[in-house]
1. In the stretch 14-42, which residues are under 24 Å from Ala85 (Cβ atoms) and out of contact with any helix residue (DSSP H, G or I) (no Cβ under 8 Å at 6 or more places or on another chain)?
2. So, in the stretch 165-212, how many residues would count as being more than 9 Å from ligand 1 (Cβ to nearest atom) and polar (S, T, N, Q)?
3. Can you name every residue in the stretch 303-336 that is under 30 Å from Ser139 (Cβ atoms) and outside any loop (DSSP other than H, G, I, E, B)?
4. Given the residues Ala240, Ala246, Ala183, which is the only one that is more than 13 Å from ligand 2 (Cβ to nearest atom), over 26 Å from Asp75 (Cβ atoms) and under 15 Å from the mean Cα position of the chain (by Cα)?
5. Taking the stated definitions as given, is Asp98 within 28 Å of Ile196 (Cα to Cα), acidic (Asp, Glu), out of contact with any helix residue (DSSP H, G or I) (no Cβ under 9 Å at 6 or more places or on another chain) and modelled with pLDDT of 95 or more?
6. Any idea which of Ile165, Ile172 is of a type in the set (Val, Ile, Thr), modelled with pLDDT of 95 or more and crowded, with 22+ Cβ neighbours inside 10 Å?
7. Are any residues in the stretch 275-302 surrounded by 15 or more Cβ atoms within 10 Å (Cβ to Cβ), away from ligand 2 (no atom under 13 Å from the Cβ) and not in a loop (DSSP other than H, G, I, E, B), and if so, which ones?
8. Which of the numbered conditions does Ala76 fail, given that it passes all the others? Conditions: (1) surrounded by 15 or more Cβ atoms within 10 Å (Cβ to Cβ); (2) out of contact with any Lys or Arg (no Cβ under 8 Å at 6 or more places or on another chain).
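The values are calculated or read from the model by the stated rules, or taken from the named source; none is laboratory data. This structure is a prediction, so every number in the text was calculated from the model and none was measured. Neighbour counts are summed over all protein chains in view; Cβ atoms, including those assigned to glycine, are modelled from backbone coordinates with ideal geometry.
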Amino acid sequence: MRILVTGGAGYIGSHTVLVLLQSGYDVVVFDNLCNSSRKSIERVSSIVERQVNFVEGDIRNPEELGSVFSKYHIDAVIHFAGLKAVGESVQKPAEYYDVNVGGTAKLLLAMQKANVSRMVFSSSATVYGVEAPTPYVESLPRGSTSNPYATSKAMIEKMLEDQSIAHPDWSIALLRYFNPIGAHESGLIGEDPLGIPNNLMPFMAQVAVGRRDRLAVFGGDYPTPDGTCRRDYLHVMDLAEGHVKALESLYKSGCCAYNLGTGSPVSVLEMISAFESETGVKIPYKIAPRREGDLAEFWADPLKANQLLGWSAKRSLNQMMADTWRWQSQNPDGYN
Ligand code: NAD
Ligand code: UFG
């Protein structure tokens, strides 16, 4: 079975490509490299000792997409390609809707033309909106989103639901990720953000490796046990394995959403202390003002993915820290 992986050179995509290859799937990666490096795919190749088909292209370009579907027989698509920085999406809404929503519509048209009707989509916990009660459960409606990135994910979910209603033979899994961190245990692939990291784990890892002076902890006065925000951090390899489980579920038609998280919230201060105790490296930090738009806490109810996909997150917080540190210390400048 051959899978087209859009955005497969990125952080979650590269780990998923690795797990797909190790599970016996053929893979074609389609990525315009706007936020990634070809080296991620070269390293995946070296781990699995197999060439990976790579096509450089943009999901907004029907000709580039069309030529991939004509060159390769594709059985299903895992769709990671998109822009993901919340703050940037507020500054550049048109670009975010163009790539995320417009790009996904182009991808659907190309799939229709090639008679490909199975898709796994990278959604996000952010679609539950700003007022949903925790833990988030899939039976909640999508809520009111607070930035163009989140709105683009909610719009794509709706588009995919409409597609599956109009075409009952289509099968789509919407995977709502919580907070993926960590890296493959080889230390060869990992998260390599361009510029100053927006997210907690890559920022902390860059402080640890000496690229940044100290971590700003955004807010110490939230109504949480230690006053800092709590999130549901899951290992990127667990998340990658969730995609293979979701692919295996696509023999049934319809569009179905699944939370992929551990079900346990962890605070920012607990993250710092887990990193320090696992690696022995001190993280200098300072409590800073709250970051605009942050929710105090949210985490997943992961029961549905467990019951219907047979998936649960297995790797511990300590392993997430150890693997992040192995990647960052072996590659202080990422793929550069
Ligand atoms: P990433 O930026 O590392 O990967 C996205 C990939 O898509 C990159 O390789 C980029 O070059 C590619 N891409 C972007 N625009 C493209 C286009 N127009 N055509 C072709 N390729 C394009 O991000 P990631 O963390 O691996 O996230 C993957 C997906 O998961 C994204 O859709 C993201 O929104 C979603 N997601 C991520 C998180 C997270 O915390 N990392 C959480 C929830 C959802
Ligand atoms: N944080 C800091 N300092 C930093 C960075 C983050 O204290 O330098 C805090 C944040 O305030 C937040 C927590 O660490 O409390 C986690 O922040 P991240 O930016 O790592 O993650 P978010 O929960 O804000 O958002 C992430 C993705 C979104 C996605 C969401 C749910 O960035 O795209 O998880 O999946 F929608």
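1. Asn32, Leu33, Cys34, Asn35, Ser37, Arg38, Lys39
2. Of the residues in that region, 4 qualify.
3. Looking only at the stretch 303-336, we keep the residues that are under 30 Å from Ser139 (Cβ atoms), and these are 303-317, 320.
Answer for the stretch 303-336, where residues must be under 30 Å from Ser139 (Cβ atoms) and outside any loop (DSSP other than H, G, I, E, B): Leu303, Lys304, Ala305, Asn306, Gln307, Leu308, Leu309, Leu317, Met320.
4. Values: Ala240 fails: over 26 Å from Asp75 (Cβ atoms); Ala246 fails: over 26 Å from Asp75 (Cβ atoms).
Among Ala240, Ala246, Ala183, only Ala183 is more than 13 Å from ligand 2 (Cβ to nearest atom), over 26 Å from Asp75 (Cβ atoms) and under 15 Å from the mean Cα position of the chain (by Cα).
5. Working: within 28 Å of Ile196 (Cα to Cα): yes; acidic (Asp, Glu): yes; out of contact with any helix residue (DSSP H, G or I) (no Cβ under 9 Å at 6 or more places or on another chain): yes; modelled with pLDDT of 95 or more: yes.
Spelling it out, Asp98 is indeed within 28 Å of Ile196 (Cα to Cα), acidic (Asp, Glu), out of contact with any helix residue (DSSP H, G or I) (no Cβ under 9 Å at 6 or more places or on another chain) and modelled with pLDDT of 95 or more.
6. On the way: Ile165 fails: crowded, with 22+ Cβ neighbours inside 10 Å.
Result: Ile172 is the single residue among Ile165, Ile172 that is of a type in the set (Val, Ile, Thr), modelled with pLDDT of 95 or more and crowded, with 22+ Cβ neighbours inside 10 Å.
7. Result: Glu276, Glu278, Thr279.
8. Evaluating Ala76 over (1) surrounded by 15 or more Cβ atoms within 10 Å (Cβ to Cβ); (2) out of contact with any Lys or Arg (no Cβ under 8 Å at 6 or more places or on another chain) leaves (2) as the failure.
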